[in-house]
1. Which count do you get for residues in the range 1-23 that are touching a strand residue (DSSP E or B) at 6+ places or on another chain (Cβ under 7 Å) and either assigned to a helix (DSSP H, G or I) or more than 27 Å from residue 82 (Cβ to Cβ) (or both)?
2. Mind listing just one residue for me: the one in the range 24-69 that is assigned to a strand (DSSP E or B) and touching a helix residue (DSSP H, G or I) at 6+ places or on another chain (Cβ under 7 Å) and, of those, nearest to residue 3 (Cα to Cα)?
3. So the check is Cβ under 6 Å with 6+ separation or different chains; which pairs have a first residue in the range 53-73 that's closer than 16 Å to residue 17 by Cβ and a second one that's part of a loop (DSSP other than H, G, I, E, B) and at pLDDT below 85?
4. For residues that are more than 23 Å from residue 8 (Cα to Cα) and surrounded by fewer than 16 Cβ atoms within 10 Å (Cβ to Cβ), scanning just the range 24-53, find the one that is nearest to the chain's Cα centre (by Cα).
5. Would you be able to say whether some residue in the range 74-88 is under 30 Å from residue 1 (Cα atoms), surrounded by fewer than 15 Cβ atoms within 10 Å (Cβ to Cβ) and without any contact (Cβ under 8 Å) to a residue 24 or more places away in the chain?
6. Within the range 5-14, track down each residue that is surrounded by fewer than 18 Cβ atoms within 10 Å (Cβ to Cβ) and touching a helix residue (DSSP H, G or I) at 6+ places or on another chain (Cβ under 9 Å).
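The values are calculated or read from the model by the stated rules, or taken from the named source; none is laboratory data. Computed from a predicted model, the values in this text were never measured in an experiment. Here the Cβ positions follow ideal geometry from the backbone for every residue, glycine too, while neighbour counts run over all protein chains shown.
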């Protein structure tokens, strides 16, 4: 909660790395038990039951900036993690 206040005070995004803690501390996200909502969150294998996949989610405030960035990855064309993510 202190980090949220600091970020709000200086107009900086609060970014939470849920790659490791996502779905482990709470059923939805690690920050829900703290009552804090980040501007951007990063997720990893937990969203596909351990398969190599990742995602970054954020608030509407950063949508246009995110759309202007091109990113690539090692597992983009791997169907198994995508199917696991849909089922998980």
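1. 1
2. 40
3. As it stands, the answer is 54/44, since those pairs meet every condition given.
4. 28
5. No, because not a single residue in the range 74-88 is under 30 Å from residue 1 (Cα atoms), surrounded by fewer than 15 Cβ atoms within 10 Å (Cβ to Cβ) and without any contact (Cβ under 8 Å) to a residue 24 or more places away in the chain.
6. 12, 13
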